[in-house]
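One structure below.
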Amino acid sequence: MLFLPQTSIEVVAMMTKQEVVNRLEALLKHEDMEHIIAEVDAVETAYQTIVDQEHDSADDSDDDTAEVDETTDATAEAETVSESPAETADAEPTTEPAAETETTEEPAVEETPAADETPAPAISAEESLRLDHRVKELLNLINARKSEYEAKKDEDENANLAQKKQIVEDLKNLIKEGPTITQAYDAYNELAAKWKAIGQVPRKHYKQLQSEYSHQIDMFFHTMQIFRDLKVYDLEKNYEAKVALIAKVKELESETSFSKLDDMLKVYQTEWAEIGPTKEEQWKEVRNDFWQAVNAHYDRIQAHYDSIRERQKNALEAKEALGKIVVEQLELELNSHKKWQEATAKVIQAQKDWATTGHASRKDNDNAYKEFRAACNAFFAKKKEYYGQLKEQNKAGHDAKMALVETAKSLKDQTNWRDTTEALINLQKQWKETPSAGNKEDQRLWLLFRAACDFFFEAKKEYYATLDDRQAENLKAKQEFIAKIEAFELSGEKSKDLDALKGFNEEWRALGNVPRKDIDTINNAYKAALDAQYDKLKMSKTEKVLTKFKDKVESLTQGEDGGRLIEQERRVVQETIKKIQETIDQYENNLGFFGSSKGAEALKQGVLKNIEKAKEELAIWETKLKQLPKPDPSLRQERPRYDKPRFDKGGRGSGRR
């Protein structure tokens, strides 16, 4: 038969998963099922310790993964039943600790501190998972053998119980019938032999049955007055044996393994029942000493398991409280990054605290952990969904803000101060309405956007800081240029002279702006000087007017803020056309009021001349309107001037400064 040394707690504490598998495979080959049952709990404890350490390690990390579930499931499904106490025949009455219920399992190995151990080499997640499945497979095979063995054992024990009860009844009848001493001994020996041959009975009937059997044996010997026929030497020898056995029972006080203590008490009770009688005057004292020593150990065992049950109860309450914390966080309305961070910190702390709560009973521990793990998984799944949606929203915000940044960069070098200022202010308004791209990305994009805006407004500020000096120089240059126009002599060639006058316009535009207070004066002086030159040309009045207007349009188009000035000119032309048309309509309406007298006819002719003159003027203004470029819809109404806006930290402009 294959021999396996008993697994000590120190050896168990240092086992690895591979060693657990090796041990289970060796146990599976063993023939003694009682030995397997005694060993498998210790090996399973080693495996549970390894799994708990893996759980502790996994729960300490910020990773929201749930790989630990597969390992825990393997452990939960590999649960086995605690070892049944070995029972022996022919024992004196016993007193054992009362079980919590008939089905309460009794731990096989007492918890003791683990010895210093060398850390096992790390294995891959795939290898760990393979070993978990192998442990589960081996435990299932052992449990199957165990179930078959215990079913057969229960059947045998129930049959043994019936037979032993019958033996007790036979002993009672033997005492009542009072046969001869020889017949009584023969009958007694036959019944005792049967009792020894029968074997174990169910645990719950063991104490009562053993007590009744021992009592009937004592009654038999006393009733039949066997003690008077026994030699004093034999009685003293039995007394000494019983006293020595009591000493051995008392020596068990140093035993720290309660499983081993329980087994030894059963062995000593069997030995007690087999020693035989003592002198009647010694019997009561030695019996009381023996059972007092035995019951003291059973009280210690009972207190030990009561303490374990109390710790398991407290551990279960602590685990349930941690589960409630996670469920509370799961049920909160978490709609911000800050709230999710706070809730996550509480859940992670609950996971850390879980490792320090200790163990409840195997069933309660597994159920509590499944509920706790499910709540944690649900929380992190909800968190993942939230940040997935937030990531999509942030991407949309990032794309929109990046587009504004690129637009601002394209405008930062513009010198069309008015239009560019309005464009940048409009971009700043759009920025405030753009969704967030995430705190960190918002700040990065905002710095890029603001840098582009600041670059433009600093350039604009620098430009206008020296504007007065430049405008004063421009005014002096324009005054000199007007003097040049006034001194200009026409050549007499119309085409050549028109080109020269048109060139004056281009030179005038190139001279730049003058102080606002001098604009009208200098422009009127320029217009008067140029008109004087145009008047010297041999051209019709209409041709002169249209030629000068054409030059004016070209000047406005090429100048700063040209689009806006063109639109202003368009409105002036349109208003003038409207007024002239109204005047013509009024004249034509008045024609109907003149009579047929000679005086009325003279007035009518005057009105007709006015109408004709107005129509000629209308034709000139309509031609001017056609000479203007096509209108820009965005410039149909003049907008207010803005300067560089003030910014707050979050990128919000304070508007006009």
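The values are calculated or read from the model by the stated rules, or taken from the named source; none is laboratory data. Quick caveat, the model's predicted, so the values are computed rather than measured. When we count neighbours, we look across all protein chains shown, and the Cβ atoms used for this are built from the backbone with ideal geometry, even at glycine. Calculation scope for accessible area: heavy atoms of the full protein, side chains included, ligands and nucleic acids excluded. Shrake-Rupley method; radii C 1.70, N 1.55, O 1.52, S 1.80 Å.
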Checklist entry - What single numbered condition from (1) of a type in the set (Asp, Glu); (2) surrounded by 15 or more Cβ atoms within 10 Å (Cβ to Cβ); (3) under 29 Å from the mean Cα position of the chain (by Cα) fails to hold for ASP419? => result (3)
Checklist entry - Restricting to the range 179-206, what's the tally of residues that are farther than 19 Å from GLY276 by Cα, open to solvent by less than 60 Å² (accessible area, probe 1.4 Å) and either in contact (Cβ under 8 Å) with a residue 12 or more places away in the chain or in a helix (DSSP H, G or I) (or both)? => result 6
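Could you identify the single residue in GLU10, GLU34, GLU70, GLU19 that is acidic (Asp, Glu), at pLDDT 85 or above and part of a helix (DSSP H, G or I)?
Numbers: GLU10 fails: at pLDDT 85 or above; GLU34 fails: at pLDDT 85 or above; GLU70 fails: at pLDDT 85 or above.
It is GLU19.
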Checklist entry - Here is a list of conditions, (1) over 20 Å from ASP299 (Cα atoms); (2) modelled with pLDDT of 80 or more, and THR256 meets all of them except one; can you say which number that is? => result (1)
Checklist entry - If a residue has to be touching a Gly at 6+ places or on another chain (Cβ under 6 Å) and within 29 Å of LYS517 (Cα to Cα) to count, how many in the range 419-475 make the cut? => result 1
Checklist entry - When only residues in the range 335-345 that are buried (at least 16 other Cβ atoms within 10 Å of the Cβ) and not small (Gly, Ala, Ser) count, which is farthest from ASN365 (Cα to Cα)? => result TRP340
Checklist entry - Could we say that ASN143 is without any contact (Cβ under 8 Å) to a residue 60 or more places away in the chain and either out of contact with any strand residue (DSSP E or B) (no Cβ under 7 Å at 6 or more places or on another chain) or assigned to a loop (DSSP other than H, G, I, E, B) (or both) here? => result no
Next on the checklist: Could you go through the range 11-24 and let me know if any residue there is among the hydrophobic types (A, V, I, L, M, F, W, C) and open to solvent by 60 Å² or more (accessible area, probe 1.4 Å).
Outcome noted: yes
Next on the checklist: Within the range 303-334, take every residue that is touching a residue at least 40 places away in the same chain (Cβ under 8 Å) and open to solvent by 40 Å² or more (accessible area, probe 1.4 Å) and give me the one that is nearest to LEU252 (Cα to Cα).
Outcome noted: ARG309
Item to check | Hits in the range 305-343 (condition: touching a Phe, Trp or Tyr at 6+ places or on another chain (Cβ under 7 Å), assigned to a helix (DSSP H, G or I) and over 24 Å from ALA368 (Cα atoms)) | outcome: TRP340
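Residues checked against (1) small (Gly, Ala, Ser); (2) at pLDDT 85 or above:
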position: GLY388; (1), (2): yes, no
position: GLY397; (1), (2): yes, no
position: THR415; (1), (2): no, no
position: GLU422; (1), (2): no, yes
position: ASN426; (1), (2): no, yes
position: ASN439; (1), (2): no, no
position: GLN443; (1), (2): no, yes
Checklist entry - Using beta carbons and a limit of 6 Å, which pairs, at least six apart or on different chains, have the first residue in the range 522-550 and surrounded by 16 or more Cβ atoms within 10 Å (Cβ to Cβ) and the second one assigned to a loop (DSSP other than H, G, I, E, B)? => result ILE522/VAL514
Item to check | the range 13-46: number of residues that are touching a residue at least 60 places away in the same chain (Cβ under 8 Å) and under 25 Å from ILE123 (Cβ atoms) | outcome: 16
Item to check | The one condition in (1) open to solvent by 50 Å² or more (accessible area, probe 1.4 Å); (2) within 23 Å of ALA192 (Cα to Cα); (3) of a type outside the set (Ser, Thr, Tyr) that LYS266 fails to fulfil | outcome: (1)
Checklist entry - Looking at LYS630, LYS626, LYS598, which one is modelled with pLDDT of 70 or more and either surrounded by 15 or more Cβ atoms within 10 Å (Cβ to Cβ) or over 60 Å from the mean Cα position of the chain (by Cα) (or both)? => result LYS626
Checklist entry - Within the range 218-240, can you find the residues that are at pLDDT 80 or above and under 15 Å from GLU177 (Cα atoms)? => result MET219
Checklist entry - So, in the range 509-524, of the ones that are in contact with a helix residue (DSSP H, G or I) (Cβ under 6 Å, 6 or more places away or on another chain) and part of a helix (DSSP H, G or I), which residue ends up farthest from LYS544 (Cα to Cα)? => result ASP518
Checklist outcome for this item: Given (1) within 19 Å of GLU554 (Cβ to Cβ); (2) loosely packed, with under 12 Cβ neighbours inside 10 Å, SER491 misses just (1)
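Conditions (1) at pLDDT 90 or above; (2) out of contact with any Lys or Arg (no Cβ under 9 Å at 6 or more places or on another chain), marked per residue:
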{"residue": "ASP263", "(1), (2)": "yes, yes"}
{"residue": "GLU280", "(1), (2)": "no, yes"}
{"residue": "ALA296", "(1), (2)": "yes, no"}
{"residue": "TYR305", "(1), (2)": "no, yes"}
{"residue": "LEU330", "(1), (2)": "no, no"}
Checklist entry - Within the range 361-416, can you find the residues that are small (Gly, Ala, Ser), open to solvent by less than 50 Å² (accessible area, probe 1.4 Å), more than 30 Å from TYR305 (Cβ to Cβ) and within 24 Å of the chain's Cα centre (by Cα)? => result ALA375, ALA378, GLY388, GLY397
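Here's the yes/no breakdown for (1) within 30 Å of LYS338 (Cα to Cα); (2) in contact with a Phe, Trp or Tyr (Cβ under 8 Å, 6 or more places away or on another chain); (3) of a type in the set (A, V, I, L, M, F, W, C):
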position: ARG418; (1), (2), (3): no, no, no
position: TRP431; (1), (2), (3): yes, yes, yes
position: LEU447; (1), (2), (3): yes, no, yes
position: PHE455; (1), (2), (3): no, no, yes
position: GLU458; (1), (2), (3): no, no, no
position: GLU462; (1), (2), (3): no, no, no
position: THR466; (1), (2), (3): no, no, no
position: ASN474; (1), (2), (3): no, no, no
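Can you tell me which residue within the range 232-263, out of those that are of a type in the set (Ser, Thr, Tyr) and part of a helix (DSSP H, G or I), is most open to solvent (accessible area, probe 1.4 Å)? Spell out how you get there, then give the answer.
Keep residues of the range 232-263 that are of a type in the set (Ser, Thr, Tyr), which gives 233, 239, 254, 256-257, 259.
Remaining after also requiring part of a helix (DSSP H, G or I): 233, 239, 254, 259.
Details: TYR233: 159, TYR239: 65, SER254: 97, SER259: 20 Å².
Looking at residues that are of a type in the set (Ser, Thr, Tyr) and part of a helix (DSSP H, G or I), I get TYR233.
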Item to check | Filter result (farther than 19 Å from GLU554 by Cα and open to solvent by 70 Å² or more (accessible area, probe 1.4 Å)) within the range 497-521 | outcome: ARG516, LYS517, ASP520, THR521
